[in-house]
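Quick note: the coordinates plus some simple rules give every number you see, no bench work behind them. Just so it is clear, the model here is predicted, and its values are computed rather than measured. All Cβ positions, glycine included, derive from the backbone under ideal geometry; neighbour counts span all protein chains shown.
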Amino acid sequence: MYITKVPNRNSPPAVLLRESYREDGKVRSRTLANLSKLPEHAVEVLRRTLKGEDLVSADGAFEIVEGGSRFHGHVDAVLRSMKRLGFFKLVASRPCKERDLVIAMVVARILEPQSKLATTHWWRDTTLAENLDIEVATEYDLYDAMDWLLDRQDRIEKKLADRHMDEDGLALYDLTSSYFEGTTCPLAALGHNRDGKKGKLQVNYGLLTNQKGIPLSVSVFEGNVGDPKTLLPQVEKVQRNFGIERFVLVGDRGMVTQKQVNELRDIEGVDWIGALRPPAIKKLIESGAIQMELFDERGLFEIEHPDFPGERLVACRNPQLARMRAIKRQSLLDATVEELTKVQAMVQRGKVHGREAIDARVSGILKGYRIRKYYRVDIHDNGFDFSIDSEALRAEIEEEARGDSRLRDRLTARYGKHMEAITKKLDHLQERIKRGRLQAEGDIGVRVGKVLNKYKVGKHFKLDIQVGAFDFTIDHARVDAEAALDGIYVVRTSLPAEHMEADQAVRSYKQLHNVERAFRSFKTVDLMVRPIRHRLEHRVRAHIFLCMLAYYVQWHMMQAWRPMLFADEDQKAKETRHPVKPAKRSEAALEKVRTKRLPDGSRVHSFRSLLSHLGAIVRNTCCCPGAVSDDATFTIDTKPGPQQKKALDLLRTIEV
């Protein structure tokens, strides 16, 4: 007997059970049963049985050993990416324990960023530890591996530069900071906190990338080092360490200051692209060098100015950006006015204020009590303090009692009740004064300062602060002067026009958004450089370098996965997009955002959600029932689903 499928015109094929027999010396066949309605797997079982195979129940064939399921898919995806990038040889050309631990820490930083101790616990639930043969590693082994990695940082960064940076290429550089919870790290210092954590110690670190945003190097500085002071060391690193003599350094207006420009002019082979700060732009407008009618249909024009010798200035105006800034400024002004009006009400509210009024209230409380003469009151503009001369009061009680202990006890009890009543009334008066109006100029100024610092538009207000009075007005002339600069920015560069056109200079400056994107990945849910759980300087440096290496791998994975993510796949459009107008996503990218679906109907992922989806692929360690030897085990991986398989296949497109 055998099973065969017979075509059935436009209907599904018929599945028939047949047998062969001989008749008159000829081989013939006949149908014994129509199996078309049976499920596919049932037909397959019958087919294999007819072939003589011995089939057993899946439940009885094998079982998963205790604790034998480990997350595998997301680990496999990152390790595949590393192999495509030659990441193992990038870290060290020869295999060693330290290299494996560094690889593991980079994988963990991408998948589950935690402390080093928590990392050693986490990877035991995955296949990472067994793949790299680090099951017995402790957090102290990781610390040693971090020290080993820091010693190799210069060599690794040199390899990255050799891969991804060419002579005459762009080098993007920017600086950010991350705060500490502790206080003992030598790098920790108070500085300009970009995380909005005032009063927190921080560490600064600068990231150097190529024009695509691929990280090449990271430098760590003390938390109080200003942006411009970190720029020239990057020039020295590129030329001396990387061996690249000619390149174009791109930094923002806070980084490439006039002082830095003067020093860059003396360095052969280095050109730069930066931007002017608002005071310099205002000066150009006031001198007539920048006039609104000079902006062409592209919203930019090129000028030269004696204040900037040897430089090309590209003035740009973005009307949409101007509207957005005007709306934001007005919102901040309205919010500030609302808060300052509350302060005015606080100053005007209440009845108890000034020395005379407070003195009158205190005297009114004390005059009803015989023991008022024993109170010492210090009255000032914003309140008063009081104390009791207990020794003098006790002496008077002794004098009145004249040795009569019963009278002494009665007087002590009576005066004690009086003191309790006075204290209660004076405390209540102090609370009224505290809740009432602000009076002293200093106190009013402190409260107003808090409001102005909150919304950062204090420069647009005129303040009149006096004792017991406060008033304010908006400086409309100053607001109008700032509004004249809305949407205008000026890109400055040392590159001659024959080397880079004005449009491309503006586009190159805007490439700094690639560094900003890296910082967002560093500091948010992706790599979580914070909290910094190290207190030794070299460990902090190694920790931040680990995060940079993790971002290097993540960057390439995200590029490969663009078709499955919310990312825009049309990257070539960036090279020809309008240099001034806001960037717009392609219609295909907008469609993914609107529908949350890919063209094939499958789900669109974020980088995090796609990693989680791959994490559903597990590796099971199995054995036959009743097996007593650990050697009699084997592994079975979950078969990837369509999206999981597509994600893994796309990683093959990663190229160095």
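For this structure, a couple of remarks:
- Potential lengthening between ASP409 and LYS212 on full extension [0.36 nm per residue; Cα-Cα distance subtracted]: 62.0 nm
- Amide H partners (placed H, <5 Å) of ILE654, local residues excluded: none
- When each of LYS328/LYS450; LYS158/LYS259; LYS197/LYS581; LYS198/LYS459; LYS158/LYS200; LYS26/LYS51 is checked by Cα-Cα distance, pairs over 31 Å: LYS197/LYS581; LYS158/LYS200
- GluC sites (Glu not before Pro) within the stretch 139-182, DSSP loop, no more than 15 other Cβ atoms inside 10 Å: GLU167, GLU181
- Taking the longest Cα principal axis of the chain as reference, the axis of helix 40-50 is set at about 40 degrees.
- To the nearest ten degrees, helix 319-348 and the longest principal axis of the Cα atoms of the chain are 40 degrees apart.
- Distance from the stretch 77-131 to the stretch 1-51 (C-alpha centre basis), Å: 53
- Listed candidates (1) 1.03; (2) 0.99; (3) 1.17 - label of the one calculated as Rg/Rh (Cα atoms, Kirkwood Rh): (3)
- Placing pseudo-labels 7 Å out from each Cα toward the beta carbon at ARG432 and ALA345 gives an inter-label distance of 2.2 nm.
- Applying 0.36 nm per residue to the separation of GLU391 and VAL593 and subtracting their alpha-carbon distance, the gain on full extension is 64.7 nm.
- Candidate lysines - alpha carbon under 22 Å from LYS97, same-chain residues fewer than 8 apart omitted: LYS83, LYS89, LYS116, LYS159
- Distance between the pseudo-spin-label points of ASP54 and GLU135 (7 Å out from Cα toward the beta carbon): 3.2 nm.
- Helix 441-455 and the longest principal axis of the C-alpha atoms of the chain enclose an angle of approximately 20°.
- Highest mean packing comes first when the peptides 515-526, 241-252 are listed by Cβ atoms within 10 Å, giving 241-252, 515-526.
- For the stretch 55-143, the dipole from Cβ point charges (+1 on Lys and Arg, -1 on Asp and Glu) about the Cα centre works out to 680 debye, to the nearest 20.
- Per-residue extension of 0.36 nm, minus the Cα-Cα distance of SER363 and ARG22, leaves a gain of 109.6 nm for this segment.
- The alpha carbon centroids of the stretch 530-553 and the stretch 593-610 are separated by 32 Å.
- Each part reduced to its alpha carbon centroid, the stretch 305-340 and the stretch 174-219 end up 27 Å apart.
- The charge dipole of the chain, taken about the Cα centre with unit charges on the Cβ atoms of Lys, Arg (+1) and Asp, Glu (-1), comes to about 2120 debye, rounded to the nearest 20.
- Cα-based shape type of the stretch 2-55, given that a ≥ b ≥ c are square roots of the gyration tensor eigenvalues and the cut on a/c is 1.5: oblate
- Highest-first packing order for the peptide set 212-224, 77-89 is 212-224, 77-89, based on the mean count of other beta carbon atoms within 10 Å.
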